[in-house]
Amino acid sequence: AKRIKTLSVSRPIIYGNTAKKMGEIKPPNAPVEHTHMWTIFVKGPNGEDLSDIIKSVVYKLHETYPNPTRTVEAPPFELTETGWGEFEINVKINFVDSAGEKTLSFYHHLRLHKYHNVGTNVVKTENDVEGSEVESIFYDEVVFNEPNEDFFKVLMAK
Ligand code: SLL
């Protein structure tokens, strides 16, 4: 029987957030209860611009935010906000039209605080230090199964 070999190409990405507890200096329009400034992003593992394959990234924030659906249409596909709480951010990656790929949707838990292990438990570290950076960043590989010819060329060009 004839075997059909499926071609798949993977592209490494990193996504996640950095956060800082704000001190006296806050953005002028930030509500008083906002304690942290954070940035969520999608990029290459070495900071590469992924605009050859990504058209836009949509971040769906907690409904406590005004206009919670935020679309970023240019690299580095990052969004900076202020806030007081951690929540799940729905990240939707829209690939370039020529790829003919469907949207990739996943969740990232926005992390603002430091946590530490106590035995087998994970405990929030009290008293965040002003200005100290927290990060929660993940490496992943996007797998494109049987990419169309044009998109295959784009994927191979890097
Ligand atoms: C919590 N489940 O209670 C979470 C919800 C919501 C965070 C966190 C600011 C929104 C605004 C904000 O940080 N919301 O702009 O008012 O911890």
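The values are calculated or read from the model by the stated rules, or taken from the named source; none is laboratory data. Every value quoted in this text rests on a predicted model; they were computed, and no experiment measured them. Every residue, glycine among them, receives a Cβ derived from its backbone with ideal geometry; neighbour counts consider all protein chains shown.
Do we have Pro75 as in contact with a Leu (Cβ under 8 Å, 6 or more places away or on another chain) and without any contact (Cβ under 8 Å) to a residue 24 or more places away in the chain here?
No; evaluated as a whole, the condition is false for this residue.
Only one of these is of a type in the set (Val, Ile, Thr) and closer than 27 Å to Phe152 by Cβ: Ile89, Ile93, Ile40, Ile25. Name it.
Unique residue meeting the criteria: Ile93.
Check off (1) over 13 Å from the mean Cα position of the chain (by Cα); (2) buried (at least 16 other Cβ atoms within 10 Å of the Cβ); (3) part of a strand (DSSP E or B) for Val58 and give me the number that stays unchecked.
Of everything listed in (1) over 13 Å from the mean Cα position of the chain (by Cα); (2) buried (at least 16 other Cβ atoms within 10 Å of the Cβ); (3) part of a strand (DSSP E or B), Val58 misses just condition (1).
Answer yes or no as to whether Tyr65 is aromatic (Phe, Trp, Tyr), at pLDDT 95 or above, assigned to a loop (DSSP other than H, G, I, E, B) and within 14 Å of the ligand (Cβ to nearest atom). Outline the logic, then answer.
Numbers: aromatic (Phe, Trp, Tyr): yes; at pLDDT 95 or above: yes; assigned to a loop (DSSP other than H, G, I, E, B): yes; within 14 Å of the ligand (Cβ to nearest atom): yes.
In short, yes.
How about the stretch 80-124: which of its residues are assigned to a strand (DSSP E or B), surrounded by 17 or more Cβ atoms within 10 Å (Cβ to Cβ) and within 16 Å of the ligand (Cβ to nearest atom)?
The answer is Glu81, Thr82, Gly83, Ile89, His108.
Which residues, taken from the stretch 7-44, are away from the ligand (no atom under 12 Å from the Cβ), free of Cβ contacts under 8 Å to residues at least 60 places away in the same chain and either surrounded by 13 or more Cβ atoms within 10 Å (Cβ to Cβ) or under 16 Å from Leu104 (Cα atoms) (or both)?
The answer is Lys26, Thr39, Phe41, Val42, Lys43, Gly44.
For the stretch 68-79, which residues satisfy the criterion of being out of contact with any strand residue (DSSP E or B) (no Cβ under 7 Å at 6 or more places or on another chain) and either in a strand (DSSP E or B) or within 12 Å of Ile40 (Cβ to Cβ) (or both)?
none
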